[in-house]
Amino acid sequence: MKKIIFAKQLPGGIWQWFYPGGVDADNEVRSGDAEALAEYFEHKIPAQVVMVLPGQDVISQRQVVDESNKRHMAKLLPYEMEDNIVDPVDDLYFHFGTPQNETVDVLYTREDNILTAIEDLESVGCDILKITPDYLCIKAQENECVLVLDEGVLYARSANLLGFAVESEFAALVMPSLAHYLTDEHKVKIIASDTAEAKSIAALLPNEWLSENKSSVQALQGSFWDAVDVEFLGAKLNLRSGKFARQLPFKQWVDLWKLPAIVAGVAFAVSAGSVMLANKQLNDESIDVRKQIQTVYQSVVPGGRSRDPVKALENMVSKTGNKNQPSNAMILIDVVSSAMKSTPNISLTRMRYSGDKRELQVSVETPNFGDLESLRQAVTRAGFNAELLRVTTQGELQRANVKISGDQS
C-alpha cells in the first residue's frame, strides 16, 4: 500500500510536510524546498502527496442551486457568484461538490496558484493524489467547530461550515461570522501553542453564543498538524480534478520500460543481422551451385543457352544411349559433386556423359596431385568406379581426366 504524505505550501517556495501513521512513520514535521521533499521521498517510496494549499488563497462557500440548474451549475454558478468575488472569474478555478438539499459546496482559487504548486512538486517526481486548502485537512466531528492558531494563522473548520483561514491579525473581523453557524449543540475546540493564545481566540467567539455555552469550549495545546485528519483521503472536495486531474504516468512507464525496450531492440537487431547474414550465405551458395550447373551444361553443349540447364541435360541424356535402361547420369553427376566438396581445391573444367557406356568423364585441375587421389577415393567410397585416365602438369596445376562409372548398389 502506498504511503500518504501531507505537504503544505508555505511562502517563498518552501514546503512543510508531515508523514502520519504507519509502521515507519516518523510523525515529525519537516520543511524545505521541493528538492528536500524529494530527498525525503527516497526513503518513503512508493508514496503519494496530499498537497495542502494556503487557505487564505482558497475560498469555500456553500451555494444554493436550483434543481433545473444542477446540470449546468459548473458554467452558471461562477457568474452568479461574481459579485462577491474580487478576482475576474475567468482567472479562477472552481471545484464543485455533489449537490445536496438544493445546495452545493464550492472551492475556488486562482488557476496559477494551483498550477505553480503542481509544477513545483511534479518537477521533482512527486505523485500528487489530492489538492486541498489547509483548513479542510482539520478533523471536525459532528456539531463540533475546531479553531487552530498556528504560526500566525487562524484555521476554522466545522461539520456544517466548510471553513476558512486568515492571518491572526484579521481574526477579530471574521470570528463574528461564526454566529450564523454555532448553535447550542455545538462544541468548540481551540488548539494553540499555549493557554494564552487559546484564551485570546476564545474571547473572539460570538458573545451571544459564548455567554450561554462557555462550558462547551475546550482548549488544547498543539499545532496545525495535531489537528490534521490523517484519514483525509475520504474528503469529497478535491482540487486535483478537471484540468488539474492526475495524468497517466507516461514518464514513469517510459522509465520502467526503457531498459527492457533497449534489450529487446538489441536482441531484435542481432537476430535480424543473423538472419540477413544467413540469407546472404545461402544466396552465395545458391549462386555457386547455379554456376557449377551452368559450367557442366556449357561443357556438354559449348556455347549453348538454356533457362533450365538441369532439365536440358536430363532431356539430352534421355535421348541418347540405351533406352531400355534408365540413365544414371544425374546419379554420377551427384557423386562427382559430393566428392568435389571434400576436395575444395579441385576445379571442374569439362564434363561429358556417355549413355551407351553409362559412364561420366570429367576434366579437373588442382595445384595438388593428392587432391586427385582424394577425389578418386571419395567416388570409390560412394560405391562407384573412378579411374584417372590421364594426368598432366602445366605450371603449378595438375590436370586429369577422370572416368566414373557403375551403378549404386
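Evaluated against (1) touching a Leu at 6+ places or on another chain (Cβ under 9 Å); (2) assigned to a loop (DSSP other than H, G, I, E, B); (3) loosely packed, with under 13 Cβ neighbours inside 10 Å, Lys357 falls short on exactly one condition, (1).
Hey, any hits in the stretch 115-131 for a residue that's assigned by TED's automatic domain parsing to the domain that holds Glu35 and more than 22 Å from Ile4 (Cβ to Cβ)? Yes, the conditions are met somewhere in the stretch 115-131.
Kindly establish whether Lys139 is over 33 Å from the mean Cα position of the chain (by Cα) and charged (D, E, K, R). Answer is yes for this residue. Report whether or not Ala227 is exposed (fewer than 14 other Cβ atoms within 10 Å of the Cβ) and among the small types (Gly, Ala, Ser). It is false that Ala227 is exposed (fewer than 14 other Cβ atoms within 10 Å of the Cβ) and among the small types (Gly, Ala, Ser). Scanning the stretch 40-64 for residues that are at pLDDT 85 or above and either closer than 16 Å to Asp105 by Cα or exposed (fewer than 14 other Cβ atoms within 10 Å of the Cβ) (or both) gives Gly55, Val58, Ile59, Ser60, Gln61, Arg62, Gln63, Val64. Kindly evaluate Leu388 against the criterion of being at pLDDT 85 or above and more than 27 Å from Glu285 (Cα to Cα). So Leu388 fits the description; yes. Quick check, is Val188 on the phi < 0 side of the Ramachandran plot and either surrounded by 19 or more Cβ atoms within 10 Å (Cβ to Cβ) or free of Cβ contacts under 8 Å to residues at least 40 places away in the same chain (or both)? For Val188, the condition - on the phi < 0 side of the Ramachandran plot and either surrounded by 19 or more Cβ atoms within 10 Å (Cβ to Cβ) or free of Cβ contacts under 8 Å to residues at least 40 places away in the same chain (or both) - is met. Can you name the residue in the stretch 88-119 that is assigned to a helix (DSSP H, G or I) and in contact with a Phe, Trp or Tyr (Cβ under 8 Å, 6 or more places away or on another chain) and is also nearest to Arg71 (Cα to Cα) among such residues? Across the stretch 88-119, the extreme among qualifying residues is Val89. Looking across the stretch 332-346, the residues that are of a type outside the set (Gly, Ala, Ser) and buried (at least 18 other Cβ atoms within 10 Å of the Cβ) come down to Leu332, Ile333, Val335, Val336, Met340, Thr343, Ile346. Every condition in (1) at pLDDT 90 or above; (2) buried (at least 20 other Cβ atoms within 10 Å of the Cβ) is met by Leu162 except one, and the failing one is (1). Yes or no: the stretch 73-90 includes at least one residue that is in contact with a Lys or Arg (Cβ under 8 Å, 6 or more places away or on another chain) and either under 25 Å from Asp127 (Cβ atoms) or assigned by TED's automatic domain parsing to the domain that holds Pro11 (or both). The answer is yes, given that some residue of the stretch 73-90 is in contact with a Lys or Arg (Cβ under 8 Å, 6 or more places away or on another chain) and either under 25 Å from Asp127 (Cβ atoms) or assigned by TED's automatic domain parsing to the domain that holds Pro11 (or both). Looking at Glu169, Glu151, can you tell me which residue is exposed (fewer than 15 other Cβ atoms within 10 Å of the Cβ), closer than 17 Å to Leu53 by Cβ and over 34 Å from the mean Cα position of the chain (by Cα)? From the options Glu169, Glu151, the qualifying one is Glu151. Only residues that are in a strand (DSSP E or B) and hydrophobic (A, V, I, L, M, F, W, C) were counted across the stretch 158-202, and they come to 9. Residue pairs whose Cβ atoms lie under 6 Å apart, sitting 6 or more positions apart in sequence or on different chains, and linking a residue in the stretch 71-88 that is within 14 Å of Gln61 (Cα to Cα) to a partner that is in a helix (DSSP H, G or I) and not charged (D, E, K, R), are Pro78/Val89; Glu82/Val89. Collect the residues in the stretch 89-104 that are under 16 Å from Lys236 (Cβ atoms) and in contact (Cβ under 8 Å) with a residue 12 or more places away in the chain, keeping them in residue-number order. Scanning the stretch 89-104 gives Phe94, His95, Phe96, Gly97, Thr98, Pro99, Thr103, Val104. Hey, any hits in the stretch 185-201 for a residue that's of a type in the set (A, V, I, L, M) and more than 30 Å from Trp17 (Cβ to Cβ)? No, every residue in the stretch 185-201 fails to be of a type in the set (A, V, I, L, M) and more than 30 Å from Trp17 (Cβ to Cβ).
The values are calculated or read from the model by the stated rules, or taken from the named source; none is laboratory data. Since we're looking at a predicted model, the values are computed, not measured. Cβ sites come from the backbone with ideal geometry, for glycine too, and all protein chains shown count toward neighbours.
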